[in-house]
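Inspection log for the structure reproduced underneath, given as structure tokens.
The values are calculated or read from the model by the stated rules, or taken from the named source; none is laboratory data. Remember, predicted model here, so these are calculated numbers, not experimental data. No Cβ is skipped: glycine too gets one built from the backbone with ideal geometry, and neighbour counts run over all protein chains shown.
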Amino acid sequence: MSATITDTQGVIAIAAAAVAVIALLGAAYLAFRLRALLEAQRALLGASGKRDLAEHALALQRSFADLREYVEEASANVDQRVLSVERALAGAIANRALVRYDAYNEQSGRQSLSLALLDAEHSGIVLTCIHHREQARVYAKQVVNGRGELELSPEEAEAVRLAAVPERHSPPGAPR
């Protein structure tokens, strides 16, 4: 008993061969697509990427979490440093004014002066130097919240007033 192409066994054999060829072509197509996918994944992960895309995404998520933690710590450190600098600068000279005048009406070129050096809360000192032909005297008075602890002369009071509003007496182009 010999089988021919036209009998049932022959037809089944031809159909099985056709299915096998189609499966082989499908497998070759899928292998080609898998190779392209792996090359794309290698381009994303790098040449040394021995892990898959899910592992890479998890590693990226961990890296971002670590980076966020680092940035939050750095931000907290910067906030602390800014706060300490602000505290240190609280008593620094922020406002100043100079008033020149002729204390003895001697026509000496307004050599006497009152200099107010105040912090942001308008506290500090007023230095006054009164020049006379033969001598000069220097006085210092403490200022708290814009008022002298001792009575201020009109020139000293003017220097304190000018220092309290620095933008009114700054020369053009001067830093404020």
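A compact table of results
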| item | result |
| --- | --- |
| Restricting the range 56-102 to residues that are assigned to a helix (DSSP H, G or I) and among the β-branched types (Val, Ile, Thr), the residue that is farthest from Leu44 (Cα to Cα) | Val85 |
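Every residue, every condition in (1) touching a Lys or Arg at 6+ places or on another chain (Cβ under 6 Å); (2) outside the structural domain of Ser112 (by TED's automatic domain parsing); (3) among the acidic types (Asp, Glu); (4) not in a helix (DSSP H, G or I), yes or no:
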| position | (1), (2), (3), (4) |
| --- | --- |
| Ile130 | yes, no, no, yes |
| Arg137 | no, no, no, yes |
| Ala140 | no, no, no, yes |
| Leu152 | no, no, no, yes |
| Glu158 | no, no, yes, no |
| Arg161 | no, no, no, no |
